[in-house]
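> Structure below; questions to follow.
FYI, it's all coordinate maths here, none of it is from the lab. Note that this is a predicted model, so its numbers are computed, not measured. We place every Cβ from the backbone using ideal geometry, glycine too, and count neighbours over all the protein chains shown.
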Amino acid sequence: MPSTADLFENREKRTIGGYAIAVFSVFLALFISHWPSLHLESAPVSLFLCAVMLSAWFGGIGPGCLALVLSSLGFYYFLPPMDTLLAKPGQMARFVVFVLSAMVVGALSVAQRRATESLRKTRDDLKEMVQKLKEANESHARSEAYLAGAQTLSHTGSFGWDISTGEQFWSEETYRIFEYDQTVEPTLQLAFDRVHPEDVQLVQQVTADTSQDGRDVDVEHRLLMPDGRVKTIRVLGHTSQEPDGKPIFLGAITDISVVKNAFEEIRILRDQLYKENLALREEIDVTRMFEEIVGSSPALQAVLAKVAKVAPTDSTVLITGETGTGKELIARAIHKRSPRSTQAFISVNCAAIPRDLVASELFGHEKGAFTGATQRRLGRFESADGGTIFLDEAGELPPETQISLLRVLQEREFQRVGSNESLQIDVRIVAATNRDLEAAIAAGGFREDLFYRLNVFPIEVPPLRQRREDIPLLVEYFVDRYASKAGKRITGIDKRSMDLLQSYSWPGNIRELQNVIERSVIACDTENLSVDESWVGRGAHPIATKSQALSEKLAAQEKELIEAALAESHGRVSGPSGAAAKLGIPQSTLDSKIRSLKIDKHRFRKGQSAL
């Protein structure tokens, strides 16, 4: 912007120039009127009037007045017919008319100049205003474009709702979220038509509260699109007053479907990670009797043959056998050879879980289901989804849990503790027990229908005393394992110790053998391992060959007695007329002896149903 001094200097120059124009134009008019060759003796008045007009136009009032004075003097003294400086009383009327004409011309010229300047200034102001409006419109258009871009990127649309008239305004992104054409006039019913049927009541209630009480809104609900897709949106808004006092609701709609889906994927991945971590902890922390199946005895090979047959199927397997025989190892072998081998193998010791927590441990619980349930927890069945769950000591399950397990076996679904929602499950069940489940059924401690569901494919693991030929292999395996851990070099085992190990009956089976070998390795100071005789049973002595013969003879006699009693009772074990009553021993004891002596009690039944 020019300074005040510059403006003053420019004005002074224009003023001097205006006066110069006035003097020059009057003298030029006088000179032209006296130029002989031009013959303009009758035109001086017009020339003087032109001088006044030009001076007033370019210089304003001051130069115009100067030109008027000079023109009047020239008109009075230097124009014919009396070209003299003397007074001319006869020309006074003519002189007055000239002066008045000059004044009128000068005034009109000044007025025209001012009008022209005013119009010019108005034109410039209008141009400036138009430019500002153009810039404002461009800025507004840019702002709208930025806003529309931001709404598109953030999936957030805006809307307005005149509560008194029902009229609505939707932004482009709001139309896009609801998937309506922008030519359609927005209404509340259009929005309701997109609301998911299960959320309609919620949205209607929120809308009613807003229209009546002017409450602020912060709500999430779903939209059901025409093609069946479901969106989740969040609506935020508040009621404000228009200048005329009308209430208007202003709000924003955000499509949070992507975020919801992302959180859902995170939850699924978190649950999957929990399952995998649980399975990994089971693999790391579980104390297994051995890592591989060791042995070549006919009894073990018969078991492995059954494993090879049942593993590729999804059939439920019931593994029975004495404690310490390696039932879990057989279960893992089934899983590893099944199509589910890449999925989780979850092992659960049912006898180790407190009775009140068995259902929660197996099926999970919801937050607040019971005291201490501070968050939702996945159960072992849910963690094993797609894989295999091994229920060790299944005979110890409480009756109420047996019912839930029966439902899983029948319907392949369960409910978390504290929830009414049924969850579908795809899991293979392998159960194991060292109990006599038939005796437990007779005593009312185990459900008969659950037994039949579990006993689809039974596998009985033989005790170690029935596979004595495997003892040297097992001893060698355990010696190598524990010597490596202890950093010792053991190249052999004392023959007397090996005879002692092979002659012992091993009531604790492989687990007992494992403990004896580990203890012997720790105590060994040489490369030749020896076993302390006192460690093989509590005061028990090795069974001599003669004792073995006597034991076998007694077993044969015992088998004959039991078979005779079964034949007399037609295969019935329990009851007043059963074999147990005839022999005077408990039913559980008789069942155990039937299994250990490998007696087929079913062949003694004659058309009678099994108990």
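> Of the listed pairs LYS327/LYS598; LYS306/LYS327; LYS336/LYS601; LYS559/LYS582; LYS306/LYS559; LYS309/LYS559, which have alpha-carbon separations greater than 23 Å here?
Result: LYS336/LYS601; LYS306/LYS559; LYS309/LYS559 exceed 23 Å.
> Run down the aspartates and glutamates and flag those whose C-alpha is under 19 Å from the C-alpha of LYS134, throwing out any fewer than 8 positions away in its chain.
Output for LYS134: ASP124, ASP125, GLU144.
> Please give, to one decimal in nm, the separation of the simple spin-label points placed at LYS127 and ILE248, each 7 Å out from Cα toward the Cβ.
A separation of 3.8 nm, rounded to one decimal place.
> Distance in nm between label sites at VAL184 and LEU202, each 7 Å beyond Cα in the beta-carbon direction?
The answer from the label model is 2.3 nm.
> Using a simple spin-label model with points 7 Å from Cα along the Cα→Cβ vector, what separation in nm is obtained for ARG468 and LEU554?
1.5 nm
> Can you list the aspartates and glutamates whose alpha carbon is less than 20 Å from that of LYS246, not counting same-chain residues fewer than 8 positions off?
Straight-distance partners of LYS246: ASP162, GLU167, ASP209, ASP213, ASP216.
> Provide the per-residue ³J(HN,Hα) series for the stretch 503-508, in order, calculated from phi with Karplus coefficients 6.51, -1.76, 1.60 and θ = phi - 60°, each as a whole number of Hz, with x at glycine and proline positions.
My calculation for the stretch 503-508 gives 8, 6, 7, 6, x, x Hz in order.
> In whole Hz, with x marking every Gly and Pro, tabulate ³J(HN,Hα) for the stretch 434-449 from phi via Karplus 6.51 cos²θ - 1.76 cosθ + 1.60, θ = phi - 60°.
Ordered by residue, 3J(HN,Hα) equals 10, 8, 8, 5, 5, 5, 5, 5, 5, 7, x, x, 8, 6, 5, 5 Hz.
> Give the calculated FRET efficiency between VAL104 and GLU138 to the nearest 0.05, with a Förster radius of 45 Å applied to their Cβ-Cβ distance.
0.35
> What is the gain in length, in nm to one decimal, between GLU167 and TRP535 on full extension, counting 0.36 nm per residue of separation less the C-alpha to C-alpha distance?
Between GLU167 and TRP535, full extension yields an extra 123.2 nm.
> By how many nm would the segment from ARG229 to PHE263 grow when fully extended, if each residue of separation counts as 0.36 nm and the alpha-carbon distance is taken off? Write down the numbers at each step before the final one.
Values: separation 34, 0.36 × 34 = 12.24 nm, distance 1.79 nm.
The span from ARG229 to PHE263 would gain 10.4 nm if fully extended.
> Tell me, what is the FRET efficiency for SER484 and LEU304 to the nearest 0.05, using R0 = 22 angstrom and their Cβ-Cβ distance as r? All intermediate terms of the calculation are to be shown ahead of the outcome.
Working: r = 26 Å, r/R0 = 1.18.
Efficiency for this residue pair is about 0.25.
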